[in-house]
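Accompanying notes for the structure given below.
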Amino acid sequence: MKIVLVSAVALIDADGRVLLAQRPEGKSLAGLWEFPGGKVEQGESPEQALIRELKEELGIDTWQSCLAPLTFASHSYENFHLLMPLFACRRWEGIVRGQEGQNLAWVTADRLKDYPMPPADIPLIPILRDWL
C-alpha cells in the first residue's frame with residue numbers, strides 16, 4: 001500500500017485556541033475540518049512542507065524553529081496509508097486568512113470534538129486537549 005506523507009500543524013493563538021480549516025467542495029473529505037497542512041513534496045522535509053503550505057493556504061510566514069513536533073497520525077484509507085506528523089506552532093507573521101476560500105475556525109481544545117474531522121485527525125484531539 002502506498003504511504004502518503006502529509007505534514008499538519010496545530011496553530012495556537014494567544015488565547016490557547018487551535019485553528020481548524022474546512023476542506024473545500026471538490027476535494028476528498030469535503031466539508032470536514034482538519035489541521036492546516038498538506039503533502040510533503042519530493043525533496044522537502046515535513047517542516048519545509050508546512051512552511052510552504054501555511055504561506056499558500058493561510059498567507060502567513062513561520063520558521064522551522066517555531067514548529068515543535070507534537071505527535072503523529074497513522075491511518076489506512078482505502079487506497080493509501082496516511083502518515084501525518086503534527087507540529088505545534090505559536091509564532092507566525094501575518095494575519096491568518098483562508099487563501100483558497102476555505103472556512104476557518106479558532107477552537108478551544110475542549111470543543112475540537114464538536115467539529116467533524118477526517119478519520120486520521122480524530123485520534124489527535126485528545127492528545128492536543130491534554131497537551132494544551
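The values are calculated or read from the model by the stated rules, or taken from the named source; none is laboratory data. Please read all numbers here as calculations on a predicted model, not as lab measurements. Cβ coordinates were reconstructed from backbone atoms using ideal geometry, including for glycine residues, and neighbour counts include every protein chain displayed.
Remarks
- Residues being loosely packed, with under 15 Cβ neighbours inside 10 Å, basic (Lys, Arg) and within 10 Å of SER7 (Cβ to Cβ) - total across the stretch 24-59: 1
- Scanning the stretch 14-70 for residues that are assigned to a helix (DSSP H, G or I) and in contact with a Phe, Trp or Tyr (Cβ under 8 Å, 6 or more places away or on another chain) gives PRO46, GLU47, LEU50, ILE51, LEU54, CYS66.
- THR62 out of contact with any Asp or Glu (no Cβ under 7 Å at 6 or more places or on another chain) and farther than 30 Å from MET1 by Cα: yes
- Among the residues making up the stretch 98-125, those that are among the β-branched types (Val, Ile, Thr) and either assigned to a loop (DSSP other than H, G, I, E, B) or at pLDDT 95 or above (or both) are VAL107, THR108, ILE122.
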